[in-house]
Amino acid sequence: MRKTLTAIVAGSALALGCGQAMAQPLCSTITSIGAWKAAGSCDLGDKTWTIDSTSASLGDSVQTLFTLIGDVFAMQIIGFDTSASAGAWTVTYDITVTDPIKFISDMFAGADNPGGGSSLTKDVSGDPGGAFTLTVLNGVENAASEKHGLGATTLHIVETFTVNASATLLSVSNTYLQKTRAVSTPDTLALLGLGLIALGAVRVGRRRA
């Protein structure tokens, strides 16, 4: 019995070590587009953010800021603007919720553009309700920059933003709300049944011992 337990513990330790080696970096360590591209993906709580591509004009030194507060998680892109000339940038990325009982319920687009002179477009796919587009013109956030009633576990976002030569676009933001799925009665009974089976197995083992 002890040999069996030792083997199980050793196997678990090996599996844990492999899992840690394969784990994604934390998004809190990703502070630039270049670092995000180098990592490919990063984890933020129970979310995985994967960058697919960026336009050449969105340099590696452009800052990124990932946050998670309660059920609100976000990514902000900062410091790409040179107000002396017009600019256009594109970044494509995916968000995946790894917790099986959580889902993305709401999405918000934002642009910090004092004085106007910019546009932000997010083409989003992956939601069960179908693809949609969010827009923010001249930094004004309204109904066109929000989407509610989502049920997604993975979203694919193609984000394009531009700024006029005489304007300043300080940052663009991507904010999401998550919710918890209601556990159905059959699922609850199944979990209870598994618990009772496990308890019975433990009792049988004790009697044999």
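Some observations on this one:
- Scanning the range 66-93 for residues that are touching a Ser or Thr at 6+ places or on another chain (Cβ under 8 Å) and either among the hydroxyl-bearing types (Ser, Thr, Tyr) or surrounded by fewer than 16 Cβ atoms within 10 Å (Cβ to Cβ) (or both) yields a count of 8.
- For Val62, the stated conditions hold: it is of a type outside the set (Asp, Glu) and within 21 Å of Gly40 (Cβ to Cβ).
- When residues of the range 120-137 are limited to those that are surrounded by 19 or more Cβ atoms within 10 Å (Cβ to Cβ) and not basic (Lys, Arg), the one farthest from Leu169 (Cα to Cα): Asp127
- Being under 17 Å from Phe161 (Cβ atoms) and among the hydrophobic types (A, V, I, L, M, F, W, C) is a condition met by no residue of the range 93-103.
- Applying the criterion of at least 3 residues that are under 13 Å from the mean Cα position of the chain (by Cα) and either at pLDDT below 95 or within 23 Å of Ala182 (Cβ to Cβ) (or both) to the strands (runs of 3 or more DSSP E) found wholly in the range 56-157 leaves 87-97, 102-112.
- Ala109 vs. criteria in contact with a Lys or Arg (Cβ under 6 Å, 6 or more places away or on another chain), among the aliphatic types (A, V, I, L, M), in contact (Cβ under 8 Å) with a residue 24 or more places away in the chain and buried (at least 16 other Cβ atoms within 10 Å of the Cβ): yes
The values are calculated or read from the model by the stated rules, or taken from the named source; none is laboratory data. Computed from a predicted model, the values in this text were never measured in an experiment. Every residue, glycine as well, gets a Cβ built from its backbone with ideal geometry; the counts of neighbours run over all protein chains shown.
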